[in-house]
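Structure first, then comments.
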Amino acid sequence: MKKDLAELLEKKYAFFNHPRFIEHDPIQIPHQFSDLKNKEIMGFWVAMLSWGQRKTILANAKTLIELMEGNPYDFIMNHQDKDLQRFEHFKHRTFQFTDTLYFIDFFKRHYTHYQSLESAFLLSHQTENDTIKESLIGFHHYFFDVNHAPQRTKKHISTPANNSACKRICMFLRWFVRKDQLGVDFGVWNTIQASQLICPLDIHSQTTAEKLGLISPGPANWKKAEELTFELKKLDPFDPVKYDFALYGMGIELKTIWT
């Protein structure tokens with residue numbers, strides 16, 4: 001990788017990986033909570049809702065928190081069936097009532113047996129030399145491993161098994177795995193390592209990566225996300241996804257210039 005490109009990415013990473021980033025990003029939602037379980041629940045949920053206008057994403061995530069009386073974990077573990085009717089009119093684009101009920105059902109089943117959502121990603125996690133691919137495939141199977149899992153909800157949880165880039169789950173994992181001294185990402189999970197993560201690939205980061213020559217033009221899929229991560233590991237093999245800040249931020253800058 002050319003020295004000037006490496007210096008540019010480091011410079012942009014240092015600029016965008018800053019607490020001011022939080023107030024403009026969906027990560028602000030889990031940042032509202034101090035306890036792990038609420039961080040995980042709302043972090044995962046807002047990550048899965050992160051498509052469309054950011055203003056709408058944040059507003060709907062805040063509505064979810066209000067519907068769960070400010071304490072998602074307590075509500076999920078202790079609600080009565082009648083309490084679920086309050087979600088009847090909640091929706092985010094194609095994410096609707098049935099999907100909401102299943103998310104609540106999944107979280108209750110999971111936290112009945114585990115203390116952290118990280119456990120859900122460790123079912124197929126073998127060694128520190130693994131990438132996260134098998135973990136994401138295993139998580140998808142685990143998430144829907146009940147007879148009453150709605151078919152329609154599966155489109156909201158991506159898997160590499162379908163060659164999806166899994167942008168939203170990769171973003172969620174970055175939040176909870178990366179050890180970040182500036183406190184943007186939480187870094188509260190310890191088994192999965194930052195070196196194993198795949199860089200989230202959205203339209204902004206992909207456009208930037210293509211223009212910088214990091215990846216070849218093509219569809220946003222798992223293979224393309226792996227291609228990008230492979231190049232970023234040449235800069236930092238231990239924390240390649242930190243450059244997500246740089247690529248995304250530069251993509252927004254370019255979009256502003258073009259428009």
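The values are calculated or read from the model by the stated rules, or taken from the named source; none is laboratory data. Since the model is a prediction, treat every value here as computed from it, not as a measurement. Using ideal geometry, Cβ is built from the backbone for each residue, glycine included, and neighbour counts are taken over all protein chains shown.
The table below gives the values:
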quantity	calculated
Selected residue [farther than 24 Å from S158 by Cβ, surrounded by fewer than 18 Cβ atoms within 10 Å (Cβ to Cβ) and of a type in the set (A, V, I, L, M, F, W, C)] from F33, F75, F15	F15
Within region 158-175, tally of residues that are over 16 Å from Y142 (Cβ atoms) and in a loop (DSSP other than H, G, I, E, B)	2
Cross-chain or 6+ apart pairs with Cβ under 8 Å, region 32-59 first and in contact (Cβ under 8 Å) with a residue 60 or more places away in the chain and closer than 21 Å to L201 by Cα, then assigned to a helix (DSSP H, G or I) and of a type in the set (K, R)	A47/R168; M48/R168; S50/R168; W51/R168
Residue that is surrounded by the fewest Cβ atoms within 10 Å (Cβ to Cβ) [pool: residues in region 37-70 that are among the acidic types (D, E) and touching a helix residue (DSSP H, G or I) at 6+ places or on another chain (Cβ under 7 Å)]	E69
Residue count, region 191-207 (criterion: part of a loop (DSSP other than H, G, I, E, B), touching an Asp or Glu at 6+ places or on another chain (Cβ under 8 Å) and either surrounded by fewer than 20 Cβ atoms within 10 Å (Cβ to Cβ) or among the acidic types (D, E) (or both))	3
Residues of region 17-36 satisfying the condition of being touching a helix residue (DSSP H, G or I) at 6+ places or on another chain (Cβ under 8 Å), over 13 Å from G70 (Cα atoms) and outside any loop (DSSP other than H, G, I, E, B)	F21, I22, H24, P26, I27, Q28, H31
Selected residue (only one of H110, H89 is modelled with pLDDT of 95 or more and part of a helix (DSSP H, G or I))	H110
Options G187, G218; residue that is more than 18 Å from the chain's Cα centre (by Cα), among the small types (G, A, S), surrounded by fewer than 17 Cβ atoms within 10 Å (Cβ to Cβ) and in a loop (DSSP other than H, G, I, E, B)	G218
